[in-house]
4 protein chains.
Amino acid sequence: MTRSAPSSPKDPVKRRGAPVVERVLEVALEALAERGFQGLSVPEVAERAGLNKTSVYRRWPTKEALVAAALESALGHAAPLPDTGSLYEDLVVFAHTAVAFVTAPLGRAVMRTLLADADNPEVRAIADEMLAAQRSGPRVIFRRAQERGELDANADVTMALTVVAGAILHRSLIEQKSVSKDFIQRLVSLVVRGLGPAPKP
Amino acid sequence: MTRSAPSSPKDPVKRRGAPVVERVLEVALEALAERGFQGLSVPEVAERAGLNKTSVYRRWPTKEALVAAALESALGHAAPLPDTGSLYEDLVVFAHTAVAFVTAPLGRAVMRTLLADADNPEVRAIADEMLAAQRSGPRVIFRRAQERGELDANADVTMALTVVAGAILHRSLIEQKSVSKDFIQRLVSLVVRGLGPAPKP
Amino acid sequence: MTRSAPSSPKDPVKRRGAPVVERVLEVALEALAERGFQGLSVPEVAERAGLNKTSVYRRWPTKEALVAAALESALGHAAPLPDTGSLYEDLVVFAHTAVAFVTAPLGRAVMRTLLADADNPEVRAIADEMLAAQRSGPRVIFRRAQERGELDANADVTMALTVVAGAILHRSLIEQKSVSKDFIQRLVSLVVRGLGPAPKP
Amino acid sequence: MTRSAPSSPKDPVKRRGAPVVERVLEVALEALAERGFQGLSVPEVAERAGLNKTSVYRRWPTKEALVAAALESALGHAAPLPDTGSLYEDLVVFAHTAVAFVTAPLGRAVMRTLLADADNPEVRAIADEMLAAQRSGPRVIFRRAQERGELDANADVTMALTVVAGAILHRSLIEQKSVSKDFIQRLVSLVVRGLGPAPKP
DNA sequence: ACTTAACCGAGACGGTACGTCTGGTCTTTCG
DNA sequence: CGAAAGACCAGACGTACCGTCTCGGTTAAGT
């Protein structure tokens, strides 16, 4: 017996296909960002990836499966959480990563899917999961600020997150203006102030 | 005129002229909200409106023209601006109208178009225009607050608007949760506080 | 123009399509003769007929329906029965028409269908029907010969028909040789003699 | 064992495959009879023979080669010629072998190929050859009858053969009826009579 | 017994064609 | 004249099948 490669005892599938899979999913993600879910066509992805459409259909029988796989393959790239010792600084750094996410193909794809093509439950579920992952991290920022005493214990953290994310979203996708560093600073300023106690009249 | 038509209990909706146009544009708006721009098809609108697709094509030769007309027909329903004498109250009222807008078919259609189907410039222009109209009003709220001395003269009004709109947008479309009265109050609280001077440490 | 067109009291459908139908069926018959039933493809027929494949599919949803229609449209061209007063002469004339049938596209199509593609019952039925029609006529020839006393009353008429048809079939399709006038005469001679009483030893 | 021939430095063919080859060709013949030439697919033959399609393609690169090999492998099974001393009896026996041939898979395959799928010249040539072999034998029957004086020297022997073969062909393939013993007797009777002198009126 | 080389199984892949579906144009008829 | 009906074209889509290729694994021969 020629037991080769003990690390892969049996790998009947994807001996030839491994690089192909990556390429296709990458292309699918791009296309998803450009055209949205319903505008995406499997033949187009196949052509862009440089292989025959039948080969794509073989692996992912439906468009949903392809998109789900593409989204899933891009999961787990959580950005490292900032810890500068200052809520303001932390939030600025986090906002930048959020902007980067929304600007990159993956983020655009997720956003388009969430906003416009949320009909398919399978895809929707994955996109939701990605969004939750995206939101779970930053909560730590606020908790640390609370532990430092920089933030009140019952500050509306959830609202702050929604505000930061929503403002960036609105700015980049609705107003279609670039999210500048200045914008982020003004946004974070407003939020940090807003989380504090009411100003004296 | 076939008013009674006993042979057909279900009268074929609106047969000629002006009422037909209204019906079609109304249906087009609904479909736009449901399917988005690229998901909308002229034959489908025709069928839903109860007339032959050729009749629709006669009036609006392209899908763009139909959508543009539909959006345009829904313009000019600017909500009355609140003037309660309190920035907080004014913003709460405004936020409610914004939520109503985003919830209604027209608003959803505009949002979907802006977010996901912004490729066509003609349609995009109209949607932009609607958005600008939606934003022009509320600025008065802040100006009045500044005149009352309730708000600093160089407060970041633009940011405040973006934050309110963005948060509502994020809440309803991304998180897919209902925008409750409580949510709005907390949102406006945060924004009003954020517009004030920095809290004392 | 509103001319009610009394010249066409026919059904309201196929005003544009009437000539198209003929053309398609004609082409289908040709293709059937060339490629056989299973070798025939609807798109190919459409292209040869100069119209879009969807137009063909609209009228005949399946290949079977198209072939059935093509065969049916070619029915009813029964050749006039000869009546020369001589069994030999009658058979010679009839054999010539049989040869013409087998040589023409229609005949070849029927033969190919009967011989090679007899799997589909719908098509098979039509081809069978055509064959029966083709055989019903010639029996009269023998009956008249019997009435004239030229032929014995219990002569094996069915066998004679099978022999004439089979020999022509074998000659033209199996041996692939032309069916000459001389061949026909020798064939009929043999059959006529064979129908008579046994020769004296 | 087939002469292992140690002198042969290279014996690329059939070290392991000898029984496989037989099985494949046998199956191919069956499939040819069932589906005809153009309906036959190499993968299907492979599956029916219980081996992988690549194994079949390795030996016979094209469908034509496979069919040619299948037909060729079935050659040379000439039935022994009858010699009963009576033309009638000889012909009856011969007709039975002809019926057996046409009924068996091999015969049906040859017939289908000759009748319907005669496009490929290579295959066609082999089928023609088989047909010629099938016809060469029976001529002896007539020659012996002539030598016995039972048959006139210038009787139309070729026509008689065509008639017998054609009638059987027509009966079994066109009329799709079984070729009974009675049918054969009546057929031979007619032919034998037909070969004799014209009956006296 | 061990090596070697032909053979076989498995399945990914490109490619072609098919039949379906839908969108948009056009002609003809009806009211 | 406008609306209905629907034939028609165009093109994309997903499926099926074919034939090629490249891997491994196995079998049969030969030192």
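Key figures for this structure:
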quantity: Single residue of A:18, A:74 found to be modelled with pLDDT under 85 and over 18 Å from the mean Cα position of the chain (by Cα); calculated: A:18
quantity: Of residues in segment C:176-189 being without any contact (Cβ under 8 Å) to a residue 24 or more places away in the chain and touching a helix residue (DSSP H, G or I) at 6+ places or on another chain (Cβ under 7 Å), the one farthest from residue C:113 (Cα to Cα); calculated: C:186
quantity: Residue C:47 vs. criteria modelled with pLDDT of 85 or more and among the charged types (D, E, K, R); calculated: yes
quantity: Residues of segment C:54-68 that turn out to be of a type in the set (Gly, Ala, Ser) and within 10 Å of DNA strand E (Cβ to nearest atom), as a count; calculated: 1
quantity: Residue in segment B:150-159 that is under 14 Å from the mean Cα position of the chain (by Cα) and within 10 Å of another protein chain (Cβ to nearest Cβ) present; calculated: no
quantity: Filter result (within 12 Å of DNA strand E (Cβ to nearest atom), of a type outside the set (A, V, I, L, M) and in a helix (DSSP H, G or I)) within segment B:18-39; calculated: B:35
quantity: Segment C:26-45: number of residues that are surrounded by 20 or more Cβ atoms within 10 Å (Cβ to Cβ) and closer than 13 Å to residue C:55 by Cα; calculated: 2
quantity: Odd one out for residue C:117 among (1) over 17 Å from the mean Cα position of the chain (by Cα); (2) among the acidic types (Asp, Glu); (3) under 30 Å from residue D:134 (Cα atoms); calculated: (1)
quantity: Hey, residue D:39 more than 17 Å from the chain's Cα centre (by Cα), within 14 Å of chain C (Cβ to nearest Cβ) and at pLDDT below 90 or not; calculated: yes
quantity: Unmet requirement for residue C:62, which otherwise passes all of (1) surrounded by 14 or more Cβ atoms within 10 Å (Cβ to Cβ); (2) over 15 Å from the mean Cα position of the chain (by Cα); calculated: (1)
quantity: Close pairs (7 angstrom Cβ cut-off, 6 or more residues apart or separate chains): within 14 Å of chain A (Cβ to nearest Cβ) in segment B:43-60, in a helix (DSSP H, G or I) and more than 10 Å from DNA strand F (Cβ to nearest atom) anywhere; calculated: B:44/B:31
quantity: Considering residues of segment D:166-186 that are under 13 Å from residue C:165 (Cβ atoms) and at pLDDT 95 or above only, the residue farthest from the other protein chains (Cβ to nearest Cβ); calculated: D:168
quantity: So residue D:167, is it assigned by TED's automatic domain parsing to the domain that holds residue D:109, under 17 Å from the mean Cα position of the chain (by Cα) and surrounded by fewer than 21 Cβ atoms within 10 Å (Cβ to Cβ); calculated: no
quantity: When residues of segment A:84-120 are limited to those that are at pLDDT 85 or above and among the polar types (S, T, N, Q), the one nearest to residue A:189 (Cα to Cα); calculated: A:86
quantity: Within segment B:40-112, helices (runs of 4 or more DSSP H) holding 3 or more residues that are away from DNA strand F (no atom under 16 Å from the Cβ) and under 12 Å from residue B:29 (Cα atoms); calculated: B:63-73
quantity: Candidate set: segment C:110-163, residues that are hydroxyl-bearing (Ser, Thr, Tyr) and farther than 20 Å from residue C:34 by Cβ; chosen: the one surrounded by the most Cβ atoms within 10 Å (Cβ to Cβ); calculated: C:162
quantity: Given (1) facing chain C (nearest Cβ under 7 Å); (2) touching a residue at least 40 places away in the same chain (Cβ under 8 Å), index of the condition residue D:193 fails; calculated: (2)
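Residue-by-condition table, conditions (1) among the β-branched types (Val, Ile, Thr); (2) closer than 23 Å to residue A:172 by Cβ:
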site: A:62; (1), (2): yes, no
site: A:104; (1), (2): no, yes
site: A:111; (1), (2): no, yes
site: A:121; (1), (2): no, no
site: A:137; (1), (2): no, yes
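The values are calculated or read from the model by the stated rules, or taken from the named source; none is laboratory data. Owing to the predicted nature of the structure, the values given are computational and were not obtained by experimental measurement. Backbone-built Cβ (ideal geometry, glycine too); neighbour counts: all protein chains shown.
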